[in-house]
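The values are calculated or read from the model by the stated rules, or taken from the named source; none is laboratory data. A quick note: this is a predicted structure, and the numbers were derived from the prediction, not measured. Cβ sites come from the backbone with ideal geometry, for glycine too, and all protein chains shown count toward neighbours. In case anyone asks, the SASA skips ligands and DNA or RNA and just uses the protein heavy atoms, side chains included. Shrake-Rupley method; radii C 1.70, N 1.55, O 1.52, S 1.80 Å.
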Amino acid sequence: MSRLDVAGVTVVFDGTTVLDDVDISVADGEVVALLGPSGSGKSTLLRVIAGIIAPDAGTVSLDGVDVSALPTHRRGIGMVFQDNQLFPHRSTLDNVAFGLKMAGVGRRERDAAAADWLARVGLDGFGSRPVTELSGGEAKRVALARTLATRPAVVLLDEPLTGLDRELHDRLTVEVSDILRAAGATAILVTHDRDEAAAIADRTVTLGAPGTHR
Amino acid sequence: MDERRPRLNPANRLPRRLVALLAVGPATALAVFFLWPFATLLAEAVDGRAVGDTLRRGTTWRVVWFTAWQAVVSTVATIAVGLAPAHVIARYRFRGRRLLVGLLTAVFVLPTVVMGAAFLALLPTSLDRTVWAVIAAHVVFNLAVVIRMVGAVWEHLPPDMEAAAATLGASRRRVVTEVSLPLLRPALTAAAAIVFLFTFTSFGVIRVLAAPGTRTIEVEVWRRATQLGDVGGAAVLSLLQLTVLVVVVGWSARTQRRHSRALDLRPEAPRRAARTRAERSTVAAIGSATALVATMPLVALAVRSFSTPTGWSSSAWTNLGRTEIRPGIRLGIDPVAALTNSVRTALWATLFAVVLGALASLAIAAAGRAGRLLDVGLMLPIGTSAVTIGFGMLIAFDTAPFDWRASWWLVPVGHALIAIPFVIRTTIGVLRSVDPMLGAAATTLGANPTRAWWEVVVPMLWRPLAVGAALAAAISLGEFGATSFLSRSGGETIPIAIERLLGRTGSLLQAQGYALATILAAATIVLVTIVDRVQERT
């Protein structure tokens, strides 16, 4: 629930300019869809915002404060990775409760909150399952619950609905949209599906097409 | 700046102090227990008199000559004997194939002393204690090297290429000499280099199996240092051996680079069942002969532990704890005490190796260039020989303030030094394969870099560490080279007791030696099977 400003971000690697002087602003509570052909640097931009990748130039600000020098864990920015990155050695419940554990929330309280989040993404009672046994759609929802459980100021979603079958995709599109609205989160959603972007986001930004992101 | 991957946020890096803290233990152990003893050994050797005396002595060159020729003959014989089973195992599908590979691997990991004892048990008295017994033991010991390394390439060579040669008029034999062997040459060179290194530095097999006058450089180092008190001469010989090892490793690396060609290695050519009657009987004959050669020594070991001049008896087993050989006459070797000593030593050595190996792995995986230095440093002990390690520690730790010769932990530390490289190799791969984005995911959930590492990377260590622990225990239980220098009377481990018992006359003592060797063989095979099972499941 913060305003996010990306200004002049440039990333070069392997001799290629992946992001060239990108500016994006997202208002408090706004959900923006980031479209663009593959290789246009959408995922890289999310990683720059989260503080995983250091840009060669440019800044990231939250509510007007430059957070470019901060490590990831101090930014309060949550991220759902394209391949989920669930912790394979922890149960589903422990995955969802991880952020609360890091915040110092006691065991009973965080387990209750995590169980609550599992119910909200439609996985009531999945807590004790090993994450390695979840289906693609289930794992995606766990990743979503894990990120939202920490109530981040900004949520970044990297192609959260890619690779799911049609029916699940359509159902989750509605669910993700509802969950983000209910959480009142400021969010950036990376996708290459225009319909998905229209269904979830307030606004669409296209990366890689000159002028549009300016 | 030309980078393959984008630059990660430096603020997310693991604190330097933590990496340094991880590295300090293993680095200190390496410096104190390996580098310093090695430096002491060097200092002893460069003393001018010792070099001159040793190089002028006739025995030195006799020992070097013997070491070299027995190693060459052993290597050539191992390759010659190993080619047929390597071909059969690589190309044919037959019942018991996997069991045969497992059996040969089990033989390969047996302690050297057990292998010596097994051939002593197997061969008739007229043959044991001869050079031929030693070479036979070397061949059976190292068969797995040839079969695994050469077989691995062989099973990927397209059989059609051999068929193509046949259509061009090549006879069966010409196909092998003109097509198969040249293509296998890099693998053969590599296998030969490894077998040569193992047999050139042979110590345990020779000490148990050969007559006292039959000495490799390793045995001569041990004899000069511990029996004759000629530390300088022993040090010179150690360095002489190390020079040969470096030359051989360098040569094999160079020829392999030169001969490695872009072999169009197919995904494993399907193994097929033998078709014609002649083919079937050849496969059966080679398969069972190989199995027989690998099992016979072990069977002989167990059988001999029950045999006495007056017939079969389990007295060696039931009297394992009795040191009294005749009423009132005691012998300084107590098999049961050796068992307890070995178990205690192995437990401590495993603990040291696992803790230091885990810390080192974590440090190597987290640090960049400095990590590689630590990695290479900790690999050095397997590059030099166990005898060199034991000898170095013996002469480095016998004067104040580092007079540690009497300390109970010196032998376990020596074993740990040899086991740490294996612990690191089993763990580092797993640590390196952890997706950095998994740690990044933890930081997006509010974990600081250290916490993310602790929660995500460290837990990955437990399983490979269990494998490393089993390997370390097996290594410690069978270690003979370094222990020969460091063990003190009353503190004998199983391998030391086996060598002593088999060196005595008296059928009960011999049978006790075989009984101990049987126990050690069984323990090693059990530990290595555990390692294999756990690794297969991951």
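Quick notes on this one:
- Which listed residue, of B:412, B:459, is away from chain A (no Cβ under 14 Å), in contact with a Lys or Arg (Cβ under 9 Å, 6 or more places away or on another chain) and in a helix (DSSP H, G or I): B:412
- Looking only at the stretch B:498-509, and only at residues there that are open to solvent by less than 40 Å² (accessible area, probe 1.4 Å) and out of contact with any strand residue (DSSP E or B) (no Cβ under 9 Å at 6 or more places or on another chain), the one that is farthest from residue B:311 (Cα to Cα): B:499
- Residue, nearest to residue A:116 (Cα to Cα), within the stretch A:165-180, restricted to residues that are of a type in the set (Asp, Glu) and at pLDDT 85 or above: A:178
- Any pair with Cβ under 6 angstrom, 6 or more apart, that starts in the stretch A:3-20 at a residue that is more than 14 Å from residue A:54 (Cα to Cα) and ends at one that is open to solvent by 60 Å² or more (accessible area, probe 1.4 Å) and at pLDDT 90 or above: A:3/A:28; A:3/A:63
- Within the span defined as the stretch A:70-79, every residue fails to be more than 9 Å from chain B (Cβ to nearest Cβ), open to solvent by 40 Å² or more (accessible area, probe 1.4 Å) and hydrophobic (A, V, I, L, M, F, W, C).
- Filter result for residue A:158 (more than 14 Å from chain B (Cβ to nearest Cβ) and either touching a residue at least 12 places away in the same chain (Cβ under 8 Å) or open to solvent by 20 Å² or more (accessible area, probe 1.4 Å) (or both)): no
- Of the residues screened, residue B:476 is one that is on the phi < 0 side of the Ramachandran plot, of a type in the set (S, T, N, Q) and modelled with pLDDT of 95 or more.
- Any hit, the stretch A:45-56, residues being open to solvent by less than 20 Å² (accessible area, probe 1.4 Å), out of contact with any strand residue (DSSP E or B) (no Cβ under 8 Å at 6 or more places or on another chain) and either closer than 20 Å to residue A:161 by Cα or within 14 Å of another protein chain (Cβ to nearest Cβ) (or both): no
- In the set B:460, B:437, only one residue is closer than 26 Å to residue B:372 by Cβ and free of Cβ contacts under 8 Å to residues at least 24 places away in the same chain; that residue is B:437.
- One residue from B:518, B:450, B:444, B:493 being within 14 Å of chain A (Cβ to nearest Cβ) and open to solvent by less than 40 Å² (accessible area, probe 1.4 Å): B:444
- You will find that of B:107, B:76, B:81, the residue that is under 30 Å from residue B:206 (Cβ atoms) and surrounded by fewer than 16 Cβ atoms within 10 Å (Cβ to Cβ) is B:76 and no other.
- The helices (runs of 4 or more DSSP H) falling completely within the stretch B:1-58 include none with 2 or more residues that are within 14 Å of chain A (Cβ to nearest Cβ) and either out of contact with any Leu (no Cβ under 9 Å at 6 or more places or on another chain) or open to solvent by 70 Å² or more (accessible area, probe 1.4 Å) (or both).
- The listed residue being at pLDDT 85 or above, out of contact with any Pro (no Cβ under 8 Å at 6 or more places or on another chain) and among the small types (Gly, Ala, Ser), out of A:199, A:183, A:209: A:199
- Of the residues making up the stretch B:393-402, none is within 12 Å of chain A (Cβ to nearest Cβ), on the phi < 0 side of the Ramachandran plot and touching a residue at least 60 places away in the same chain (Cβ under 8 Å).
- Just so you know, in the stretch B:288-323 the residues that are touching a Phe, Trp or Tyr at 6+ places or on another chain (Cβ under 6 Å) and buried (at least 16 other Cβ atoms within 10 Å of the Cβ) include one that is farthest from residue B:102 (Cα to Cα), and it is B:306.
- Just one of the numbered conditions (1) within 14 Å of residue A:8 (Cα to Cα); (2) buried (at least 17 other Cβ atoms within 10 Å of the Cβ); (3) among the hydrophobic types (A, V, I, L, M, F, W, C) is not true of residue A:31: (1).
- A residue that is outside any helix (DSSP H, G or I) and either buried (at least 18 other Cβ atoms within 10 Å of the Cβ) or in contact with a Gly (Cβ under 7 Å, 6 or more places away or on another chain) (or both) occurs somewhere in the stretch B:153-164.
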